[in-house]
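The values are calculated or read from the model by the stated rules, or taken from the named source; none is laboratory data. Note that this is a predicted model, so its numbers are computed, not measured. Positions of Cβ are generated from backbone atoms using ideal geometry, with glycine treated the same way; all protein chains shown enter the neighbour counts. Only protein heavy atoms, including side chains, enter the accessible area calculation; ligands, DNA and RNA are left aside. Shrake-Rupley method; radii C 1.70, N 1.55, O 1.52, S 1.80 Å.
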Amino acid sequence: MKISKTLSSALLQLVSGETVAASLLRKDFTAILLAEGMLTVQVHGSRRSFRAIDASALKNFLQAHYEELRTIGDEMPQSYETRSEQAVGTGNSKLVKARSCPGFPVNSYQPIPCSLNGMPFVVNPPEGSFLFIDNWQRFVIPEDAVVVGIENMENFRMIRLQRQLFEKEIGNVPLLFVSRYPQSADLRKWLQSIPNKYVHFGDFDLAGIDIFLTEFHKYLGDRSTFLVPSDVGQRLAKGSQVRYNNQYDKYHTLRCDIPYLQFLINLINQYHRGYDQEGYIIT
């Protein structure tokens, strides 16, 4: 039997000795607990509520019969930060949602001396691989390094095939490439904690610009820019009209007060097309 968050919260109130409105308990679950003699019914006009006859007995019943409620009413699971800690404490690593893979991937086509956990750490993955930074809170990069966020994983994996583009548009500076997949707020939080310039390389369509504005520029301000290659107009002229049409209803009112980015929005609307960043991979 699947235990929803609402039901779990209501059951926790019951095992804590509180009264719960009948509307918060699923009917089939209520029937089971009433049949087991766990609940008493309280009537208030047309409304009904329930209270545990013996909160301790109810807690033991729920823990014994429902895997997802194995620790209901216990304080210990709330202190578990990893699945391994949950497994050691309860034998079950999935009782409390804990992210087993925090962090984000990084890549570079040149050695970049960094530090991780206070120790020297050079980001220099061989071709065909990239690194994953787990303890991002203690990942420090050189102040002159520019962080390049790449939206699509194929572009992220194949940065060497786009080196000419990056050096032309960003310059001959140390570039650390990052990806926001697996998608979480870790990358953004790390970017907020460092002073480095951030360049966003995404698809050249309205949705891609919206991602930059709402997920990065909103938090990083003028420290963040959207990569707009000098030939983007020529590329858009031959881009995907289907992509533009699919996004039109949701993003046709997109505007911003950043001149170069509004210029890109105008180009996209002018051509009624979008262009995927994978087109810049030189094979």
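Overview of results
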| quantity | calculated |
| --- | --- |
| Residue satisfying all of: in the stretch 146-164; more than 13 Å from F130 (Cα to Cα) and open to solvent by 20 Å² or more (accessible area, probe 1.4 Å); farthest from the chain's Cα centre (by Cα) among these | Q164 |
| Leading residue by the ranking (surrounded by the fewest Cβ atoms within 10 Å (Cβ to Cβ)) among those in the stretch 24-43 that are in a strand (DSSP E or B) and out of contact with any helix residue (DSSP H, G or I) (no Cβ under 7 Å at 6 or more places or on another chain) | V43 |
| Given (1) more than 28 Å from E127 (Cβ to Cβ); (2) outside any loop (DSSP other than H, G, I, E, B), number of the condition C256 does not satisfy | (2) |
| Some residue of the stretch 86-95 being among the hydroxyl-bearing types (S, T, Y), surrounded by 12 or more Cβ atoms within 10 Å (Cβ to Cβ) and at pLDDT below 95 | yes |
| Candidate set from the stretch 1-23 (those that are in contact (Cβ under 8 Å) with a residue 12 or more places away in the chain, open to solvent by 70 Å² or more (accessible area, probe 1.4 Å) and assigned to a helix (DSSP H, G or I)); member that is nearest to N60 (Cα to Cα) | L12 |
| Helices (runs of 4 or more DSSP H) wholly inside the stretch 156-243 containing at least 3 residues that are under 25 Å from D257 (Cβ atoms) | 186-193, 206-212, 232-237 |
| Enumeration of residues in the stretch 224-283 that are of a type in the set (K, R) and over 26 Å from the mean Cα position of the chain (by Cα) | R235, K238, R273 |
| Number of positions in the stretch 225-268 that are within 18 Å of F212 (Cα to Cα), out of contact with any strand residue (DSSP E or B) (no Cβ under 9 Å at 6 or more places or on another chain) and surrounded by 12 or more Cβ atoms within 10 Å (Cβ to Cβ) | 7 |
| Pick from the stretch 262-283, criterion part of a loop (DSSP other than H, G, I, E, B) and either without any contact (Cβ under 8 Å) to a residue 60 or more places away in the chain or touching a helix residue (DSSP H, G or I) at 6+ places or on another chain (Cβ under 6 Å) (or both), ranking: farthest from I159 (Cα to Cα) | H272 |
| Flag if F216 is touching a strand residue (DSSP E or B) at 6+ places or on another chain (Cβ under 6 Å) and open to solvent by less than 40 Å² (accessible area, probe 1.4 Å) | yes |
| Hits in the stretch 172-185 (condition: open to solvent by 10 Å² or more (accessible area, probe 1.4 Å) and touching a residue at least 24 places away in the same chain (Cβ under 8 Å)) | V173, P174, R180, Y181, P182, S184 |
| Any hit, the stretch 191-213, residues being over 25 Å from A145 (Cβ atoms), of a type in the set (D, E), open to solvent by 20 Å² or more (accessible area, probe 1.4 Å) and in contact with a helix residue (DSSP H, G or I) (Cβ under 8 Å, 6 or more places away or on another chain) | yes |
| Selected residue (criterion: farthest from V232 (Cα to Cα)) from residues of the stretch 165-190 that are among the hydroxyl-bearing types (S, T, Y) and touching a helix residue (DSSP H, G or I) at 6+ places or on another chain (Cβ under 7 Å) | Y181 |
| Residues satisfying the stated conditions in the stretch 117-136, i.e. assigned to a loop (DSSP other than H, G, I, E, B) and open to solvent by 50 Å² or more (accessible area, probe 1.4 Å) | N117, G118, N124, P126, E127, G128, F130, D134, N135 |
